[in-house]
1. Filter region A:96-128 down to the residues that are under 31 Å from the mean Cα position of the chain (by Cα) and β-branched (Val, Ile, Thr), then identify the one that is nearest to residue B:217 (Cα to Cα).
2. Being out of contact with any Ser or Thr (no Cβ under 7 Å at 6 or more places or on another chain), touching a residue at least 60 places away in the same chain (Cβ under 8 Å), part of a strand (DSSP E or B) and of a type in the set (Ser, Thr, Tyr) is true for just one of A:329, A:368. Which residue is that?
3. Residue A:263 fails exactly one of the following numbered conditions: (1) in a loop (DSSP other than H, G, I, E, B); (2) under 15 Å from residue A:292 (Cβ atoms); (3) not assigned by TED's automatic domain parsing to the domain that holds residue A:53. What is the number of that condition?
4. Failed condition for residue A:285, given (1) assigned to a loop (DSSP other than H, G, I, E, B); (2) in the same structural domain as residue A:210 (by TED's automatic domain parsing), with all others met?
5. Answer yes or no as to whether residue B:241 is farther than 18 Å from residue B:176 by Cβ and crowded, with 20+ Cβ neighbours inside 10 Å.
6. Quick test for you: out of A:278, A:349, pick the one residue that is among the basic types (Lys, Arg) and over 13 Å from residue A:255 (Cα atoms).
7. Residue check, residue A:214 against (1) surrounded by fewer than 19 Cβ atoms within 10 Å (Cβ to Cβ); (2) in a helix (DSSP H, G or I); (3) out of contact with any helix residue (DSSP H, G or I) (no Cβ under 7 Å at 6 or more places or on another chain), all met but one. Which one?
8. Tell me which residues, restricted to region A:85-106, are surrounded by 20 or more Cβ atoms within 10 Å (Cβ to Cβ), at the interface with chain B (Cβ under 7 Å from one of its Cβ atoms) and over 25 Å from residue A:139 (Cβ atoms).
Amino acid sequence: MSEPARFAPWEDPDAKPLIRFRGVTKRFGTFTAIDGIDLDIFESEFFALLGPSGCGKTTLMRILAGFEDPTEGSILLDGNDLAGAPPNKRSTNMMFQSYALFPHLSVFDNIAFGLRRDRLPAGEVRARTEEMMALVKLQDLTDRRPHQISGGQRQRVALARALAKAPRLLLLDEPLGALDKKLRRETQFELMDIQERTGTTFVIVTHDQEEAMTVATRVAVMDHGRIAQVADPTGIYEAPNSTYVADFIGDVNIMKGRATPADGTVSIEWAEGQPALRCATELRLEKGVTAFIAIRPEKVSISSRRPGNSPNAVAGRVLDIAYLGNVSTYHVEIAGGQVIKAQTANTDRVARQEFTWEENVWLYWSETAGIVLER
Amino acid sequence: MRRLLIVAIPYLWLLAFFLVPFVIVLKISLSDTALARPPYFPQLDLYAGWTGVRDFLSGLDLENFAFLATDALYWKAYLSSLRIAAVSTLIALLVGYPIAYAMARANQSWRPTLLMLVILPFWISFLIRVYSWMGILGQEGYLNQLLIGVGIISDPLTILNTNVAVYIGIVYTYLPFMVLPIYASLGRMDESLLEAAEDLGCSRFQAFRLVTLPLSRPGIIAGCFLVFIPAIGEFVIPSLLGGSGTLMIGKVLWEEFFSNRDWPVASAVAIVLLLILIVPIIIFQRNEQRRQEAES
């Protein structure tokens with residue numbers, strides 16, 4: 001009992017998933033929005049569906065809510081098949097991207113709407129609604145109409161309304177999409193806090209990778225109706241399983257070339273006249289196959305002199321400098337024309353930026369900085 | 001200067017085409033009938049100076065309004081008009097709401113066509129359209145021919161020259177005024193509201209009752225007044241389609257003017273009708289104002 005148990009039910013083979021997708025496919029005419037998805041989501045998870053627009057993430061959520069029926073496959077909630085259950089008969093609730101607050105009802109009546117449909121006694125409805133309003137800190141707005149409150153407050157009303165019925169599963173469709181960046185940051189943490197306090201299972205749909213990484217216990221990266229990878233945020237970032245995932249999450253340098261395996265490492269010949277790049281990997285690659293190395297810019301160091309004994313070092317010329325305040329990203333052009341990005345943290349306020357445009361520099365990184373990918 | 005002109009134009013319009021005629025009618029309603037041309041008395045004689053004005057003013061009285069109160073025909077006609085207008089409005093609402101609802105729920109690409117179809121009858125003269133109903137509803141009309149031909153009835157139905165024909169005529173004529181505002185309010189509605197309602201436990205019908213209906217209320221109110229207000233004073237439809245039993249104030253007014261040649265009483269009838277209409281018009285205006293405020 002030295003440290004608290006890590007929350008990772010997906011690693012436990014005996015854990016029963018709350019939601020189980022089995023071969024779920026959804027076609028609209030000839031267009032396949034969802035293509036044979038198998039996925040387990042566990043109780044109390046904060047699960048993010050991440051992908052570019054049109055990747056099918058919203059369709060997947062609408063299938064969960066019951067607004068769309070899968071063309072093939074089935075979805076089990078607590079082991080029961082959801083097929084044919086209309087939205088009003090499911091113990092799932094949804095927070096809509098547009099919030100979909102009822103404009104003719106007050107904040108209180110909006111939140112109480114679902115409770116009243118269950119024919120609960122008036123006292124119970126009032127108590128639960130007030131509890132929800134306290135949870136999202138809206139006690140002072142009871143009688144306001146949705147058009148009389150701010151965007152951030154509307155977002156809270158929508159969340160409280162969706163949570164009021166204590167659903168087994170709460171679906172959030174781009175819940176923070178309409179908020180400005182600063183408010184979005186704050187709200188992300190509130191969302192995590194509320195998820196933890198209520199213990200509700202959250203499934204969030206977002207195209208904002210930063211948001212997904214911040215809030216989620218696990219992230220599913222989607223691509224053209226398929227799931228490209230499911231992993232916890234660290235796994236998605238540090239161990240992507242494809243260049244698609246690596247490229248979608250954060251910034252990355254991808255070098256393509258021919259592999260030459262050695263003991264525990266792979267050398268990739270990636271450009272004419274450049275030394276092969278060495279990278280540690282557990283993959284067993286055939287000699288001569290095409291492979292990729294993906295390296296995050298913050299793992300690439302930059303220096304004006306040739307580094308001593310680094311396994312990977314390339315020379316180049318500074319093309320562009322992106323100063324973001326906390327970090328600076330150098331775009332360095334290598335002899336063959338390829339551009340590699342290197343990032344340095346600006347740890348001192350007065351220290352001058354070391355490098356300038358057109359300057360000749362060296363980039364170097366360790367064997368374990370990058371990851372070898374087959375596709 | 002230009003701003004003054006822009007403000008002045010609607011007021012001048014109102015003055016020339018509403019206020020001046022209204023004052024003339026009001027003056028006639030306070031006069032006495034006379035076998036003369038024009039057929040009422042007194043006339044204002046400006047050449048006589050002050051005495052002329054004094055004589056003119058002393059000749060005006062409320063006799064005609066008192067007369068309206070004594071003869072049961074008039075208040076019965078007012079009440080009957082209100083009833084026919086109210087029933088027609090209700091029928092128009094029951095027919096018009098589903099039409100507007102279907103239009104608002106129709107495929108986006110179909111909506112302009114459907115809207116066009118609702119407006120299309122306005123391209124034909126109102127009078128001709130009412131006349132054509134005489135051909136449809138008469139004893140030998142198309143409707144009776146059809147029903148007898150199909151074998152539903154053996155003797156022709158008497159529809160023309162009854163109140164039923166008047167209802168049909170009013171509902172038919174004013175239906176677009178009911179459909180359009182309701183369609184406008186339904187078309188603006190965010191469909192995710194209905195999904196949210198269902199998600200929170202509503203059946204389809206409950207979602208309609210708790211969300212769609214309240215959100216279309218401004219459209220319903222607007223539509224009802226747009227049918228009710230002109231229907232009260234309607235004259236052409238009851239006189240063409242209605243029978244001797246159809247009592248409507250518009251018809252009474254016409255008969256006072258042209259059959260009776262009693263301009264003062266006819267004017268008094270018109271003034272009272274206007275007073276009756278002012279109440280719903282004010283309510284309508286306030287509803288419109290609220291609707292615009294809610295939208296902004």
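1. Among residues in region A:96-128 that are under 31 Å from the mean Cα position of the chain (by Cα) and β-branched (Val, Ile, Thr), the one nearest to residue B:217 (Cα to Cα) is A:107.
2. A:329
3. With (1) in a loop (DSSP other than H, G, I, E, B); (2) under 15 Å from residue A:292 (Cβ atoms); (3) not assigned by TED's automatic domain parsing to the domain that holds residue A:53 applied to residue A:263, the lone miss is (2).
4. (2)
5. yes
6. Checking each option against the conditions leaves just A:349.
7. So residue A:214 meets the others, but not (3).
8. Within region A:85-106, just A:87 meets the criteria.
The values are calculated or read from the model by the stated rules, or taken from the named source; none is laboratory data. Please read these numbers as outputs of a predicted model, since none were measured by experiment. In this analysis, Cβ positions are derived from the backbone assuming ideal geometry, glycine residues included, and neighbour counts consider all displayed protein chains.
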